[in-house]
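K.L.:
Handing you this structure, nothing more for now.
The values are calculated or read from the model by the stated rules, or taken from the named source; none is laboratory data. Every value quoted in this text rests on a predicted model; they were computed, and no experiment measured them. All Cβ positions, even for glycine, are placed from backbone atoms using ideal geometry, and neighbour counts span all protein chains on display.
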C-alpha cells in the first residue's frame, strides 16, 4: 500500500479555511507522488455522543463531492461509541497507520482526538514520531471579519446574510430537497412554487431570497432551471405563522413539473424579511415586487 498524506476533519461547508488546508495537502502529496486522503466521520460525533448537532452546511454526499473536486480522496470512518472510546494511540495505530498508511498527517490548529478528546497536537506529534508519520498543523486563516470557519458561516446564514456566508464558504450556501406537493396556494394567485422537502442543510432566517436553481441527480446537475425567488418561513398571512419553516421556490422563467424531483437552490441575495400582510391581494402585490427584485439582482 502506498503511503498517503492524510487530512483529518469534519469539513462541514468545505469553506475557505478548509480549502486552504486541502490545497496545501494536495500540493504536498503531489510533490511526493502519493495520494491526499481526507479522513472524516459519519455520523457526526455529536449524534453518537448525545450532544446538540450543529446545523448542517453540507450533507455527506455534497461534502465528498466538493472535497474530491479539490483533488483529494475521502475516507469516511463510521463514528461509533466503540470508536469514540479508543485512546489516542489506538486511533493513530489502527486507523492512521493500519488502515490509511499515513506518512504525513495534516490537522487544524485546534485538533483534539481520542477518548474524551484527551489527545492534542503534542500527543499527535509524539505518536507520529513513534509510529512513523509526520504532523503538519494548519494555522488559522481568515480576514478582517475573523477566521474562515463553519461557525462563522452558520452565524451568517442564521441572520440571513447570504453574502457573508458565500464569502466564508467561497460559494453560495445551497439547499437541496425533493419537490413536494403543497396547498397550491401560489398557483392560485399566479405564482406557482416548488416546495422543498427533506432539506438537510441549514435554512436561512425567515425571509425572501434571490436564488439560482439546478435540477439534480445525486451530485450531478441535470440542468439549470435559472433564477428564482424563494420564500423561507411560516407563511403568516395564510397560516398565522404556526407552521414549521418551509422553503418555497418560484422560478422566474417557466413552471416545469418538478414534483418528486431533486433540486438545489443557491442563495445569492437577501431581499427582505418575512412579513404578514392584510390579505392575499396585498401578498400577491408584494410577491410581484419580490419577483422583479430577484430578477434585477440576478441580472447584475
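K.L.:
What's the total number of residues in region 143-179 that are assigned to a strand (DSSP E or B) and either under 26 Å from residue 197 (Cα atoms) or touching a helix residue (DSSP H, G or I) at 6+ places or on another chain (Cβ under 7 Å) (or both)?
P.N.:
First pass over region 143-179, keeping only residues assigned to a strand (DSSP E or B): 143, 146-147, 174-179.
So of that shortlist, the ones also either under 26 Å from residue 197 (Cα atoms) or touching a helix residue (DSSP H, G or I) at 6+ places or on another chain (Cβ under 7 Å) (or both) come out as 146-147, 174-179.
Residues flagged as assigned to a strand (DSSP E or B) and either under 26 Å from residue 197 (Cα atoms) or touching a helix residue (DSSP H, G or I) at 6+ places or on another chain (Cβ under 7 Å) (or both) within region 143-179 amount to 8.
K.L.:
While we're on this one: Would you mind finding the one in 225, 203, 258 that is within 18 Å of residue 176 (Cβ to Cβ) and assigned to a strand (DSSP E or B)? Break it down into steps so the answer makes sense when it comes.
P.N.:
Values: 203 fails: assigned to a strand (DSSP E or B); 258 fails: assigned to a strand (DSSP E or B).
Only one candidate qualifies: 225.
K.L.:
Is it true that residue 242 is out of contact with any helix residue (DSSP H, G or I) (no Cβ under 6 Å at 6 or more places or on another chain), modelled with pLDDT of 85 or more and surrounded by fewer than 18 Cβ atoms within 10 Å (Cβ to Cβ)?
P.N.:
On the way: out of contact with any helix residue (DSSP H, G or I) (no Cβ under 6 Å at 6 or more places or on another chain): yes; modelled with pLDDT of 85 or more: no; surrounded by fewer than 18 Cβ atoms within 10 Å (Cβ to Cβ): yes.
The answer is no for residue 242.
K.L.:
Next question, about the same structure. Looking at the structure I just gave you, is residue 282 assigned to a helix (DSSP H, G or I) and exposed (fewer than 14 other Cβ atoms within 10 Å of the Cβ)?
P.N.:
Values: assigned to a helix (DSSP H, G or I): yes; exposed (fewer than 14 other Cβ atoms within 10 Å of the Cβ): yes.
So residue 282 passes the test.
K.L.:
Does region 83-100 include one or more residues that are assigned to a strand (DSSP E or B), touching a residue at least 24 places away in the same chain (Cβ under 8 Å) and surrounded by 20 or more Cβ atoms within 10 Å (Cβ to Cβ)?
P.N.:
The answer is no; no qualifying residue exists.
K.L.:
Return the total of residues in region 44-72 being closer than 25 Å to residue 30 by Cβ and in contact with a helix residue (DSSP H, G or I) (Cβ under 8 Å, 6 or more places away or on another chain).
P.N.:
From region 44-72, those closer than 25 Å to residue 30 by Cβ are 58, 62-72; that's our starting set.
So of that shortlist, the ones also in contact with a helix residue (DSSP H, G or I) (Cβ under 8 Å, 6 or more places away or on another chain) come out as 58, 67, 70-72.
Number of matching residues: 5.
K.L.:
Can you find a residue that is touching a strand residue (DSSP E or B) at 6+ places or on another chain (Cβ under 6 Å) and either assigned by TED's automatic domain parsing to the domain that holds residue 74 or surrounded by 15 or more Cβ atoms within 10 Å (Cβ to Cβ) (or both) anywhere in region 163-171? Spell out the reasoning first.
P.N.:
From region 163-171, those touching a strand residue (DSSP E or B) at 6+ places or on another chain (Cβ under 6 Å) are none; that's our starting set.
Scanning region 163-171, I find no residue that is touching a strand residue (DSSP E or B) at 6+ places or on another chain (Cβ under 6 Å) and either assigned by TED's automatic domain parsing to the domain that holds residue 74 or surrounded by 15 or more Cβ atoms within 10 Å (Cβ to Cβ) (or both), so the answer is no.
K.L.:
Quick one: which residue in 51, 24, 62 is assigned by TED's automatic domain parsing to the domain that holds residue 109, part of a helix (DSSP H, G or I) and either under 18 Å from residue 135 (Cα atoms) or free of Cβ contacts under 8 Å to residues at least 24 places away in the same chain (or both)?
P.N.:
On the way: 51 fails: part of a helix (DSSP H, G or I); 62 fails: either under 18 Å from residue 135 (Cα atoms) or free of Cβ contacts under 8 Å to residues at least 24 places away in the same chain (or both).
After ruling out the rest, the residue left standing is 24.
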